[in-house]
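Heads up: the structure comes next, in structure tokens.
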Amino acid sequence: MYSNEDQQLAKKILNYSCELQEGQNVMLQLVGLNGIGLLRALVEETRAMNAHPFVQIEDTEIQRVLAETGDKAFWKNQAKVDQLPLMKNMDAFVGIRASLNIYEQANVSKKANKAYADYFADPVHFKERVNNTNWVVLRYPSEAFAMNARMPTQKFREFYYKACLLDYSELEEAMKPLQSRLEETDKIQLKGEGTDIEFSVKGQTWIPCFGKRNIPDGELFSSPIRSSVNGHISYAPSVYQGKPFEFVKLEVRDGVVIDFESSDDESLEEILDTDAGARQFGEFSFGLNPIIEEPMYDILFDEKIYGSNHLTLGNDYEIAPNGNESNIHWDLVCIGADVYLDGEKVREGRTFIADDLKGLNPEKLLQ
């Protein structure tokens with residue numbers, strides 16, 4: 001059995017996000033057992049479309065054991081024998097993240113994380129899945145997820161489906177004036193409490209996101225000219241590789257992090273020392289989902305917070321590149337900074353004030 005909301009979500013994922021066609025192959029991956037209802041709905045909807053579901057159900061504690069014990073040889077073999085050949089035959093991919101404990105892999109070592117990233121995640125997901133399938137990833141609601149969002153469970157479920165089932169075609173239209181401006185912009189400045197940073201995006205590619213790759217969605221991203229990033233920036237709470245950070249502050253000179261402060265400096269330093277690209281930035285984005293207001297320790301939601309930006313440490317995306325290569329990609333989120341495009345203030349706090357951009361404010365999108 002599954003809920004009516006899961007049925008609606010399954011239809012949106014397959015028809016709108018993945019654009020699944022008759023006869024195509026789709027991998028349906030459930031990480032954690034909590035989202036089994038949505039998985040059932042996806043399987044039924046896939047078969048109703050006369051397409052072919054390939055189902056993977058992964059237990060998060062087993063995944064923790066594999067992450068803790070896996071080395072180069074193990075992950076290379078896993079990719080070669082199992083996942084990479086299968087992924088090469090997929091037309092679409094749906095990844096449901098349904099873990100009940102976001103800190104499950106908090107004790108996995110840096111060496112083990114690097115082995116997984118280099119020899120499994122990179123060839124299977126970043127190179128094959130991202131570049132050659134119509135893919136979408138999402139989290140699934142739970143009591144634990146609601147607790148991180150500081151909401152009662154039922155209220156959180158209502159919020160979750162409202163954010164996920166947003167009219168993305170309307171959001172797509174509302175993004176167009178901002179994309180047009182950004183395509184003509186050289187310098188971006190963010191100014192707010194604990195934040196005063198600037199960088200160039202001259203000539204960079206801007207990608208609007210409206211429910212095709214993430215659910216929920218609502219962002220417009222590119223990447224900064226690497227050496228142009230200068231200043232300091234303060235980020236909201238975040239979790240990376242199972243490690244929680246209540247705050248992160250970075251000082252940047254000529255595109256490289258030269259100093260930092262956080263609630264866990266030891267773990268942050270370890271992440272920054274992953275490789276040379278980990279101290280540089282591979283993405284910059286505007287968060288634009290009008291339903292999502294506050295951070296909840298889940299980046300698929302937090303990076304979409306309206307009135308936010310994320311200036312991302314690590315690897316760029318091939319679709320909007322700046323040449324930064326790294327084994328990390330950490331979407332740290334800055335909420336409520338004023339935004340200046342070539343010296344013109346276009347957003348004050350979380351509210352767009354330029355006339356052509358006011359359609360992105362929640363009161364307009366949700367009216």
Restrict the check to region 75-84 and report whether at least one residue is in the same structural domain as residue 133 (by TED's automatic domain parsing) and not in a helix (DSSP H, G or I).
no
Among (1) closer than 17 Å to residue 6 by Cα; (2) under 23 Å from the mean Cα position of the chain (by Cα); (3) among the hydrophobic types (A, V, I, L, M, F, W, C) - the single one residue 41 does not satisfy:
(2)
Return the residues of region 274-292 that are more than 16 Å from the chain's Cα centre (by Cα) and either modelled with pLDDT of 95 or more or among the small types (Gly, Ala, Ser) (or both); say none if nothing qualifies.
276, 277, 278, 279, 280, 290, 291
Identity of the residue in region 17-36, farther than 22 Å from residue 87 by Cβ and surrounded by fewer than 19 Cβ atoms within 10 Å (Cβ to Cβ), that ends up modelled with the highest pLDDT:
36
Looking only at region 192-212, and only at residues there that are under 21 Å from residue 341 (Cα atoms) and in contact with a Gly (Cβ under 9 Å, 6 or more places away or on another chain), the one that is surrounded by the fewest Cβ atoms within 10 Å (Cβ to Cβ):
193
Considering every residue within region 112-121, establish whether at least one is modelled with pLDDT of 95 or more, under 21 Å from the mean Cα position of the chain (by Cα), not assigned by TED's automatic domain parsing to the domain that holds residue 270 and not hydroxyl-bearing (Ser, Thr, Tyr).
yes
Of the numbered conditions (1) in contact (Cβ under 8 Å) with a residue 12 or more places away in the chain; (2) assigned to a loop (DSSP other than H, G, I, E, B), residue 221 fails exactly one; give the number of that condition.
(2)
Can you name every residue in region 129-147 that is at pLDDT below 95, surrounded by 19 or more Cβ atoms within 10 Å (Cβ to Cβ) and among the polar types (S, T, N, Q)?
142
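The values are calculated or read from the model by the stated rules, or taken from the named source; none is laboratory data. Being a predicted model, the structure only gives us computed values, none of them experimental. Backbone-built Cβ (ideal geometry, glycine too); neighbour counts: all protein chains shown.
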